[in-house]
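A.B. asks: There's a structure below that I have some questions on.
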Amino acid sequence: MPSATPPALPALPKRHTLQEFIHATTQKDHGQGLFELETERLLELNLNGKVHTKMGSMVAYHGQVKFTRETLLSRGVGNLLKKAVSGEGARITDAEGVGSVYLADAGKKISVIELSNESIVVNGNDILAFEPTIQYDIKMMKRVAAMLSGGLFNIRLQGSGLVAITSHYEPRTLIVEPGKPVVTDPNATVAWSGSLEPQIKTDVSLKSFLGRGSGESFQMLFEGSGFVTIQPYEEVAYQASS
């Protein structure tokens, strides 16, 4: 009886000379304007003015660029408490000047969206950059004591301009219709339309199927008309200590 054929070994990656490597990986101008995707996971800002960015997302820059971290009082006293406890995921840094700024966030996939007098709410973990023509506000969801996780603090964006958001792997958008609500895991929820006001609900019966599976299961309930974007990954940036 003939012996089974052994599985083929995986092919070795292509080898490059140093010059080939430099040529293959050198930054190139794709002519995309202010927000230019160098790769799916690296965003170039062709800066000539100011752009709001997620704090800590800058990985390189060249030119005359100044980075200013937004102070707690710069958005008004009403936001002081929310910003003080929102953690790194909801902090904003202004990049201002003339040059190129490269942004990334833990290797996550980047999507660039153009708003046209529209509104969107983005999980604080998943905002990367947006133009100063867009008004924004950090929102803290209700029932704070019930859930302290990455889905608690969100940024509401409204107006016209470019927005860059991130997701682990490919994002998918679910349509919310009257009578057809959508329920999501907060840690897998990336963004939703500004017309929706999600509610936090608990369901002990689902604790083994949705979420981390410990204690009560927290979900986000979306009702009305709009959309919600999710990712195939549970991202927890902040968790209350027991």
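A.B. asks: Can you tell me the FRET efficiency between Leu221 and Tyr169 if r is taken as the Cβ-Cβ distance and R0 is 25 Å, rounded to the nearest 0.05?
C.D. replies: Numbers: r = 24 Å, r/R0 = 0.96.
The calculated FRET efficiency here is 0.55.
A.B. asks: To the nearest whole percent, what portion of all C-alpha pairs in the stretch 87-137 is separated by more than 12 angstrom? Provide the component values of the computation, followed by the final result.
C.D. replies: Details: 925 of 1275 pairs.
Looking at the stretch 87-137, the distances longer than 12 Å represent 73 percent of pairs.
All of the numbers you see were taken from the coordinates with simple rules; none came from a lab. Computed from a predicted structure; not experimentally measured. All Cβ positions, even for glycine, are placed from backbone atoms using ideal geometry, and neighbour counts span all protein chains on display.
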